[in-house]
Amino acid sequence: MDLGVWAPVIFFLALIIAFGLAEPDTFLSSGNLQSILNNNAILAIIACGLTVVLLTGEFDLSIASAASFGGALAAVLVANKDVPTSVAVVAVFVAGIAIGVVNGTLVTFFRIPALIATLGVASILDGLTQLITNNEIIFEGFTDNFLDVAGWTYADVQAPVYYLVILALIAWALLRYTATGRHLYAVGGNREASRMAGIRVDRHVTLAFIVSGLLGTIGGLLFTSRQGSLTPLFGTAFLLPAFAAAFLGSVTLRRGEFHILGTVIGVYLIGTGTTGLLIVGGPTYTQQLFAGTVLILATAGSRFFGRRAGDWRRQLGFGRRRADQTARDQEPVAAGSDTADD
């Protein structure tokens, strides 16, 4: 048994036990557990989008800004422009896809490093968010239809949790059971081998950015609908936790491989730890401290228990072993197939 990949899960259970013993009446109450489940669902949706980009070997620093812009766009259209909710939702979807296309084009066509390209796009999105909202909080004018998008509850579980389950299952199934998913992992593991195997690398990288942008704006839409208000640049608070959860997930259940289930576990591990520390009297900035600390400890623990050497890309989870196998499986590629080289 590889204890390294189970260390985060064991730590997760240990957190629940420790906080449960420290504050049993508060931490283990159904209200608190439901709060943890509900309050972290939108972050998990955003982190799942980020995971798809990370597994290709790229970064997306614009995903939090995409969430802010998606929420702001929906709020302005519904509350200020009296646009029907259905039209606003479609506009948010289109915006998310457009953000992904821009990021993908900058990285694949103009060959700008993803860190720089997405940082620039993030800055532009923040500026656009402030522009369309006049940098003002929007707290009135929302229709009941818009508030119902993420405001409904079933069995004391709020709507974003159900959206998370649906979106995460779709992403998991596509990555695990489709050729596109295998190609995405291959691109992240060994880009040159992927090209030699006939995989359209640039197309798949752009697709990953589109998924990230779309889930980012969807997360922003759900956040605004759930809150019933819009504070410009609210998405900034999602950036560090999303990255921490994704990297923590890459050393959970699998070694050095980004995957959807690991990311969701990472989100709720961080959310549980943050909530528990606040209940026992921790400071309000606990989330940032806890997210960074858990990420470092989990990665170090995985390396120590696994005793397995590898380059930094594999240790950060770019899935080299699966990628190499996928690349071998793709040879030879039939002429005229969809996987011709870029």
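The values are calculated or read from the model by the stated rules, or taken from the named source; none is laboratory data. Please read all numbers here as calculations on a predicted model, not as lab measurements. Here Cβ is always computed from backbone atoms with ideal geometry, including for glycine, and neighbour counts include all displayed protein chains.
No other residue among Val92, Val78 is in contact (Cβ under 8 Å) with a residue 12 or more places away in the chain, crowded, with 20+ Cβ neighbours inside 10 Å and in contact with a Leu (Cβ under 6 Å, 6 or more places away or on another chain) apart from Val92. Tallying residues that are surrounded by 15 or more Cβ atoms within 10 Å (Cβ to Cβ) and on the phi > 0 side of the Ramachandran plot within segment 145-197 yields 0.
Of the helices (runs of 4 or more DSSP H) that lie entirely inside segment 1-77, those containing 1 or more residues that are within 30 Å of Asn134 (Cα to Cα) and among the aliphatic types (A, V, I, L, M) span 41-54, 63-75. Being under 21 Å from the mean Cα position of the chain (by Cα) and farther than 20 Å from Gly127 by Cβ, is that true of even one residue in segment 70-88? Checked segment 70-88: no residue is under 21 Å from the mean Cα position of the chain (by Cα) and farther than 20 Å from Gly127 by Cβ. Cβ separations smaller than 9 Å between residues 6+ apart or across chains give the following pairs from segment 276-297 residues that are part of a helix (DSSP H, G or I) to residues that are at pLDDT below 80 and not hydroxyl-bearing (Ser, Thr, Tyr): Leu277/Gln287; Leu278/Gln287. When we screen Thr293, Thr274 for residues that are hydroxyl-bearing (Ser, Thr, Tyr) and surrounded by 19 or more Cβ atoms within 10 Å (Cβ to Cβ), the only hit is Thr274. Just one of the listed residues (Ile170, Ile137, Ile132) is under 20 Å from the mean Cα position of the chain (by Cα) and either modelled with pLDDT of 95 or more or of a type in the set (A, V, I, L, M) (or both), namely Ile170.
If you scan segment 111-144, which residues turn out to be of a type outside the set (Val, Ile, Thr), surrounded by 14 or more Cβ atoms within 10 Å (Cβ to Cβ) and touching a helix residue (DSSP H, G or I) at 6+ places or on another chain (Cβ under 9 Å)? Of everything in segment 111-144, those that are of a type outside the set (Val, Ile, Thr), surrounded by 14 or more Cβ atoms within 10 Å (Cβ to Cβ) and touching a helix residue (DSSP H, G or I) at 6+ places or on another chain (Cβ under 9 Å) turn out to be Ala114, Ala117, Gly120, Ala122, Leu125, Asp126, Leu128, Gln130, Phe142.
Of all residues in segment 145-164, those satisfying the criterion of being among the aliphatic types (A, V, I, L, M) and in contact with a helix residue (DSSP H, G or I) (Cβ under 9 Å, 6 or more places away or on another chain) are Leu147, Val149, Ala150, Val157, Ala159, Val161, Leu164. Restricting the first member to segment 152-171 and to residues that are in contact (Cβ under 8 Å) with a residue 40 or more places away in the chain and in a helix (DSSP H, G or I), and the second to residues that are surrounded by fewer than 20 Cβ atoms within 10 Å (Cβ to Cβ) and among the aliphatic types (A, V, I, L, M), the beta-carbon pairs closer than 6 Å and six or more apart or on different chains are Val161/Leu37. Inspect segment 193-211 for any residue being of a type in the set (Phe, Trp, Tyr) and touching a residue at least 40 places away in the same chain (Cβ under 8 Å) and give the result as yes or no. There is at least one residue in segment 193-211 that is of a type in the set (Phe, Trp, Tyr) and touching a residue at least 40 places away in the same chain (Cβ under 8 Å). For segment 1-43, residues that are over 14 Å from Val280 (Cβ atoms) and of a type in the set (Asp, Glu) total 1. Only one entry in Ala300, Ala309 is at pLDDT below 75, more than 21 Å from the chain's Cα centre (by Cα) and in a helix (DSSP H, G or I), namely Ala300.
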